Amino acid sequence: MNAIAQLLSALPVFAIDADSVAVLDEPHDFREALRAGIRSAKHRICLASLYVGSSETALMDELAAALAANPDLQLSVLVDGFRGTRSNARGESSSTMFATLARRFPGQVQLSLYRSPAAQSTLMSLVPQRFNEVFGLQHIKAYLFDDHVLVSGANLSGDYFTNRQDRYVLFRNSPGLAAYFADLIDRLADISAPPPDEPKALVSDASGRPMRTTARMRRQDLLSHARQTLTDFSESWIARTQLERSQLLALSSPDDPSVSLDTQDQDAGPESSSVRSPDPAPANATLAPTTFATPAIQLGVAGITYDQDTMLSILAHLAASPNTASLTLASGYLNLPEPYRRLLVKCQTPDIRILCSSPEANGFYGSKGVYLELLFVKDFTARNRLAAAAAVASSSSPSLPSSHPAASSETPGFRVMEYTRAGWTWHAKGLWLHETAAENGADTRVSAPYLTAIGSSNFNQRSLYRDVEAQVYVYSTHPRVRDVFQQNLGKLTQDTRPVSLDTLKQRRIPALVKLCARALRTMF
């Protein structure tokens, strides 16, 4: 645990009250949390999503009611420029819905349409509009209501509220973390530009300020602008959270005199929350926090790799530290990049589980069109490679059992687990890290997770190289926080089943489709 805390200290660090962490299990819980947040907000609502479903009239009505009831309430919305302008049969899109809202409540609504700085090339003019998103998307899913932060991998549309399994963590009364995400949304608005076919005036009217980038800027200039903007953002928050960083390091190294903790230095960062003690503490006592949120952003195409660097550091630590932790990794669309896959199969841990969708629970199952078929195929060819590599690692490494990587749910080792639930699809993603301890020199006991990652990344090629992503790594020594994450993991895995390498190999894929998927691997 100490080494992991050291790795996380390279990121912005926010102390979180353990009683303020709420883990939601079901899509309807997510929808209710959004509704409650909109109703309770007094100062600000910030919504960052890939898109808002054009059929979400109830959500738009709730936002309108909140704005009408409180003229001081500010609504900031960040959606992807490609997906946010994709219209339904009635010509409605995320962009048109929020532009209408902005006209109803002038001065209260800011709409930003993110456009990847990599999407400026000449090649775009040759690609059909529906396929433009392969160049990169706004993929962050974070929803703010005053100082409450709801981090998820779910978008704002009907299936994500009903039968599309995802993850959702609500950080209540967390002003520092809320300020971080509000600032991030604002910075991404600064590097956003309208799509080529979207009137610039529409976006400017909705946001209330001129765009700082334009579609006519050179690609290299846009990349440089994005890199500088997000680097300045990250460095500023790393500097502003020095106090909480000291608290995190003190928590992980309580006996190390080189780690100092000056609880009186309250000017080093945003206001911190302390953990509530079950026993009354003296009025003048300062309680050391036991739960920390460390956000990491990613925009690989612009050289912003905070999340990638964190993941590589965690996997490298596990590869170099035999039998110290158990790892669970979940992805909505499994296509692990080679740096992740190479380290993952080297991890010397007693138990590694990869959670992903079954063919029937994949969001693109049965979809029509070459692009959607490639997305579907890529998901399954990727897990074939991963399972095969795991089999080789298992047979050659003394730290991993020689059993099949997906033998059974009772067999420790490397397992690929597929989600199957009638009428549901899988979109959950994240990471869980557990301590392990040997009993009598043989059996292994796994604790509740002390680290989890929640956010938008699917740990795939797109997440690393094309899309803009944000994750929050939650590190905790508090039993209640660790227990709720363990319970949520149990809820997610109850509908998963181990799948064997033989089963994966039996899923036949046309050679031409596999070839195309390989050639376009960084776009999935």
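The values are calculated or read from the model by the stated rules, or taken from the named source; none is laboratory data. Because the structure is predicted, anything quoted here is derived from the model rather than measured. Every residue, glycine as well, gets a Cβ built from its backbone with ideal geometry; the counts of neighbours run over all protein chains shown. Please note that ligands, DNA and RNA were not included when accessible areas were found on the heavy atoms of the full protein model with its side chains. Shrake-Rupley method; radii C 1.70, N 1.55, O 1.52, S 1.80 Å.
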Sequence order, segment 453-463: Karplus ³J(HN,Hα) from phi using 6.51 cos²θ - 1.76 cosθ + 1.60, θ = phi - 60°, Hz rounded, Gly and Pro as x, gives 10, 10, x, 9, 6, 9, 6, 10, 4, 4, 4
Once all protein chains are kept in place, CYS347 shows an accessible area at probe 1.4 Å, nearest 10 Å², of 0
A student applying the Cα gyration tensor rule (rounded when a/c is under 1.5; otherwise prolate if a/b is larger than b/c, oblate if not) would label segment 1-156 oblate
Long-range amide H partners of GLN110, meaning residues 5 or more apart or on another chain whose placed amide H is closer than 5 Å, are LEU75, SER76, VAL77
SASA check, SER87, accessible area w/ 1.4 Å probe, all protein chains in place, rounded to nearest 10 Å², comes out at 70
Label model pair THR231, ARG44: point-to-point distance (7 angstrom along the Cα→beta-carbon line) in nm is 2.6
Given a 1.4 Å probe, the accessible area of segment 289-339 per residue, as a whole number of Å², is 22
Simple spin-label estimate for ALA239/ARG104, 7 Å along Cα→Cβ, in nm, reads 4.2
Rounded to the nearest 10 Å², the accessible area of GLU469 using a 1.4 Å probe with every protein chain kept is 0
Here, ARG90 and ALA288, labelled 7 Å along Cα→Cβ, have an inter-label distance in nm of 5.8
In nanometres, the difference between 0.36 nm per residue of separation and the alpha-carbon distance of THR420 and THR436 is 2.9 nm
For ILE304, other-chain or 5+-apart residues with amide H closer than 5 Å (H placed, Pro excluded) are LEU299
